[in-house]
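The values are calculated or read from the model by the stated rules, or taken from the named source; none is laboratory data. For clarity, every value in this text was computed on a predicted model and none was experimentally measured. Backbone-built Cβ (ideal geometry, glycine too); neighbour counts: all protein chains shown. Surface areas here come from the heavy atoms of the whole protein model, side chains and all, with no ligands, DNA or RNA. Shrake-Rupley method; radii C 1.70, N 1.55, O 1.52, S 1.80 Å.
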Amino acid sequence: MQAPSTVGRITLDDVHFTYPGKEAAALNGISMTLTAGQKVAFVGLNGSGKSTCAKLLAGLYEPECGSVRWDGTDVREMDAQSLHRQVACVLQEPVRFPFSALSNITAATGTLTQADPARTLAAARASGADAVIASLPDTWETLLSKRFKGGQQLSGGQWAKIAVARGLYKNAPLLLLDEPTASMDPPSEHAFYEAVLRGRLREDQITVLISHRLASVVDCDTIYVFDEGRITESGSHEELMALEGGTYAAMFTLQAGGYRARSSAPLDKPLTPS
Ligand SMILES: Nc1ncnc2c1ncn2[C@@H]1O[C@H](COP(=O)(O)OP(=O)(O)OP(=O)(O)O)[C@@H](O)[C@H]1O
Ligand SMILES: [Mg+2]
């Protein structure tokens, strides 16, 4: 069976998953329902299962028990290649194709030579890749590899913008963003969240954002808090902040405190207790 090109609902039902050779399960009974147009965030400590869960949503891994269903159909029944075409993944270490800037954005759709110009421009604008490309000697045609004569190498943050543009260009019903802005400078990161969370290219897209910077997930419809392969809290930012003794509220307050500490310290006072 071919994967559908639109999806109304993705459901995880009591999903368990253990990596080969590992004793502890990476996912320990995850259930969630994502609906078309929703923006959700996965947050939690390192190793809590966020990336693994995203890969199961995309059908890249199969659950040991439990199911992942797209509109009621188990992803195990779908042709794997057709499913991959319907998922756009932007990972922290994105692939760097030794191709032109243009091909780097359009490669994921399998149309190296026939790019859709309007969609390419929209994806480049939303990700901030447009400014990177404008600064290259041959703009869109510039080869992004130092191995070739006249080729250019980009910085980590610039590659991240190209990778995000590639994910947006794919225009898939499911967009997974696994810490896409980790290497971006603050203005780029801000512009990226504005674009992805407010000005997306496809209204029915389900966007899953994994981020350790909690300020960036505040506007998501639902935030799932992962802890040792389980979801311990879920809800909107406001709902989670209101939870008595909640982990999310504690993490958010800790990060927000880090931004405040120095600016609120009066300069004429010593920072160490006297
Ligand atoms: N390829 C792999 N092989 C074996 N074990 C893995 C693999 N990837 C992840 N794990 C293990 O699975 C668990 C969950 O990892 P996962 O990468 O999903 O966490 P995460 O929440 O995304 O963490 P981070 O915030 O560090 O990215 C961890 O115990 C990790 O060691
Ligand atoms: Mg991860």
message = Which condition from (1) among the polar types (S, T, N, Q); (2) farther than 30 Å from G258 by Cα; (3) assigned to a loop (DSSP other than H, G, I, E, B); (4) under 20 Å from the mean Cα position of the chain (by Cα) is the one that S145 breaks?
response = (4)
So R96, is it in contact with a Ser or Thr (Cβ under 7 Å, 6 or more places away or on another chain), more than 16 Å from ligand 2 (Cβ to nearest atom) and open to solvent by 70 Å² or more (accessible area, probe 1.4 Å) = no
Subset of the range 214-242 that is under 17 Å from G37 (Cα atoms) and without any contact (Cβ under 8 Å) to a residue 24 or more places away in the chain - its residue that is farthest from ligand 1 (Cβ to nearest atom) = S236
message = Just to check your reading of the model, which residue among S145, S51, S103, S67 is among the polar types (S, T, N, Q) and either buried (at least 20 other Cβ atoms within 10 Å of the Cβ) or without any contact (Cβ under 8 Å) to a residue 40 or more places away in the chain (or both)?
response = S103
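Matching residues to (1) in a helix (DSSP H, G or I); (2) modelled with pLDDT of 95 or more:
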| position | (1), (2) |
| --- | --- |
| H212 | no, no |
| D219 | no, no |
| I231 | no, yes |
| E238 | yes, yes |
| T253 | yes, no |
| S263 | yes, no |
ask   = Restricting attention to the range 10-32, which residues are among the aliphatic types (A, V, I, L, M) and surrounded by 15 or more Cβ atoms within 10 Å (Cβ to Cβ)?
value = I10, L12, V15, A25, A26, L27, I30, M32
ask   = Do we find that S82 is at pLDDT below 95, away from ligand 2 (no atom under 13 Å from the Cβ), open to solvent by less than 10 Å² (accessible area, probe 1.4 Å) and not hydrophobic (A, V, I, L, M, F, W, C) in this structure?
value = yes
note = The residue that is nearest to ligand 2 (Cβ to nearest atom), considering only those in the range 148-182 that are in contact (Cβ under 8 Å) with a residue 60 or more places away in the chain and part of a loop (DSSP other than H, G, I, E, B), is E179
request  = Find the residue count for the range 33-55, including only residues that are part of a strand (DSSP E or B) and more than 7 Å from ligand 1 (Cβ to nearest atom).
outcome  = 8
query = Can T35 be described as away from ligand 2 (no atom under 13 Å from the Cβ), closer than 18 Å to L176 by Cβ, modelled with pLDDT of 95 or more and surrounded by fewer than 17 Cβ atoms within 10 Å (Cβ to Cβ)?
reply = yes
request  = Could you list all residues from the range 196-223 that are open to solvent by 20 Å² or more (accessible area, probe 1.4 Å), under 22 Å from G157 (Cβ atoms) and among the hydrophobic types (A, V, I, L, M, F, W, C)?
outcome  = L201, A215
task = For S183, indicate whether it is open to solvent by 10 Å² or more (accessible area, probe 1.4 Å), within 16 Å of ligand 1 (Cβ to nearest atom) and within 13 Å of the chain's Cα centre (by Cα).
result = no
key: Candidate set: the range 107-134, residues that are of a type in the set (V, I, T) and either modelled with pLDDT of 90 or more or within 16 Å of ligand 2 (Cβ to nearest atom) (or both); chosen: the one surrounded by the fewest Cβ atoms within 10 Å (Cβ to Cβ)   = T120
